[in-house]
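Right, one structure below, let's go through it.
The values are calculated or read from the model by the stated rules, or taken from the named source; none is laboratory data. The model shown is predicted, which means the values in this text are computed figures rather than measured ones. Ideal geometry is used to build each Cβ from the backbone, glycine not excepted, and the neighbour counts take in all protein chains shown. Each accessible area value is taken on the protein alone, full model and side chains, heavy atoms only, with ligands, DNA and RNA left out. Shrake-Rupley method; radii C 1.70, N 1.55, O 1.52, S 1.80 Å.
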Amino acid sequence: MSKSAAAVSNLAAYKIGDTDNRPWGTYTVTGVGMNKAGEEYCEKSITVNPGQALSLQSHEYRREHWTVESGVLTVISDDQRLELKAGQDVRLPQGAIHCMANLGKEPCIVKELQEGLCREDDIKRYVDSYGRATETLTSPKAEASIALYNGILSEIRKGA
């Protein structure tokens, strides 16, 4: 484990029942533990409110699997944009540049499974519409992801 991974592992882990209200909606931790490979896992129920988008971000120490339970989820996964309906899912590898957004009129509920080192502090934000601190990221994939993200924000502003 690298020094920075060790530092992250010493941060507070998620606990079942943890919940947080964010500018884009809410999350509740529904499960935590160790998977068969001996890695931490965390399950969350995430509600993305209509017309909202999470920051464009990545995680250094975990991968994620999102399954849409209700609504339609717009996803950026690296330089691709996806539209997922109830029952559809996407896997986000460790380090993937990603975000979820709800362009619809109803809340979108997503089951998220994190695997690896699961800490809220393992979020690197690159673009955020809520004024939170961001980091600079430059690469062709990052630039394409940022363009997709800005397009989603434009659709939200227009009332897509």
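Counting just the residues of the stretch 119-160 that are part of a loop (DSSP other than H, G, I, E, B) and of a type in the set (A, V, I, L, M), which one comes out least open to solvent (accessible area, probe 1.4 Å)?
Looking at the filtered set, the residue picked out is ILE123.
Cβ-Cβ under 6 Å, sequence separation 6+ or interchain: first residue in the stretch 87-106 and touching a residue at least 24 places away in the same chain (Cβ under 8 Å), partner open to solvent by less than 20 Å² (accessible area, probe 1.4 Å) and charged (D, E, K, R). Which pairs?
Taking only residues 6 or more apart or on different chains, the pairs are LEU92/GLU64.
Looking at the stretch 87-108 only, could you name the residues that are in a strand (DSSP E or B) and surrounded by fewer than 18 Cβ atoms within 10 Å (Cβ to Cβ)?
Narrowing the stretch 87-108 to residues in a strand (DSSP E or B): 89-92, 98-102, 108.
Correct list: ASP89, ARG91.
Being free of Cβ contacts under 8 Å to residues at least 60 places away in the same chain and not β-branched (Val, Ile, Thr): is that true of LEU56 here?
Spelling it out, it is not the case that LEU56 is free of Cβ contacts under 8 Å to residues at least 60 places away in the same chain and not β-branched (Val, Ile, Thr).
With the requirement that a residue be outside any strand (DSSP E or B), small (Gly, Ala, Ser) and more than 14 Å from the chain's Cα centre (by Cα), what does the stretch 31-63 give you? First the steps, then the outcome.
Residues of the stretch 31-63 outside any strand (DSSP E or B): 35-39, 49-51, 54-55, 59-61.
The next check asks that each one be small (Gly, Ala, Ser); those that pass are 37-38, 51, 55.
Once the filter is applied, which keeps residues that are outside any strand (DSSP E or B), small (Gly, Ala, Ser) and more than 14 Å from the chain's Cα centre (by Cα), the stretch 31-63 yields ALA37, GLY38, GLY51.
In this structure, is LYS111 under 12 Å from VAL48 (Cα atoms) and of a type in the set (Lys, Arg)?
The answer is yes for LYS111.
Residue under question is ASP122, and the condition is that it be closer than 20 Å to SER45 by Cβ and acidic (Asp, Glu); does it hold?
Here the answer is yes, as ASP122 does meet what is asked.
Cβ-Cβ below 9 Å, separation at least six or inter-chain, first residue in the stretch 59-86 and closer than 23 Å to THR134 by Cα and crowded, with 16+ Cβ neighbours inside 10 Å, second at pLDDT below 95 and β-branched (Val, Ile, Thr): which pairs?
Hits for this filter: HIS59/ILE123; TYR61/VAL8.
Has the stretch 13-30 got any residue that is aliphatic (A, V, I, L, M), modelled with pLDDT of 95 or more, within 17 Å of the chain's Cα centre (by Cα) and over 25 Å from LYS141 (Cα atoms)?
Yes, some residue in the stretch 13-30 is aliphatic (A, V, I, L, M), modelled with pLDDT of 95 or more, within 17 Å of the chain's Cα centre (by Cα) and over 25 Å from LYS141 (Cα atoms).
Answer yes or no: is there a residue in the stretch 109-117 that is of a type in the set (Asp, Glu), closer than 18 Å to TYR27 by Cβ, open to solvent by less than 30 Å² (accessible area, probe 1.4 Å) and not in a loop (DSSP other than H, G, I, E, B).
Taking the stretch 109-117 and keeping what is of a type in the set (Asp, Glu), we get 112, 115.
Filter once more, keeping what is closer than 18 Å to TYR27 by Cβ: 112, 115.
Next cut, open to solvent by less than 30 Å² (accessible area, probe 1.4 Å) only: 112.
Right, trim to not in a loop (DSSP other than H, G, I, E, B) and you get 112.
Taking every residue of the stretch 109-117 in turn, at least one turns out to be of a type in the set (Asp, Glu), closer than 18 Å to TYR27 by Cβ, open to solvent by less than 30 Å² (accessible area, probe 1.4 Å) and not in a loop (DSSP other than H, G, I, E, B).
Which of the residues belonging to the stretch 26-61 are within 21 Å of MET100 (Cα to Cα) and polar (S, T, N, Q)?
Of everything in the stretch 26-61, those that are within 21 Å of MET100 (Cα to Cα) and polar (S, T, N, Q) turn out to be THR26, THR28, THR30, SER45, THR47, ASN49, GLN52, SER55, GLN57, SER58.
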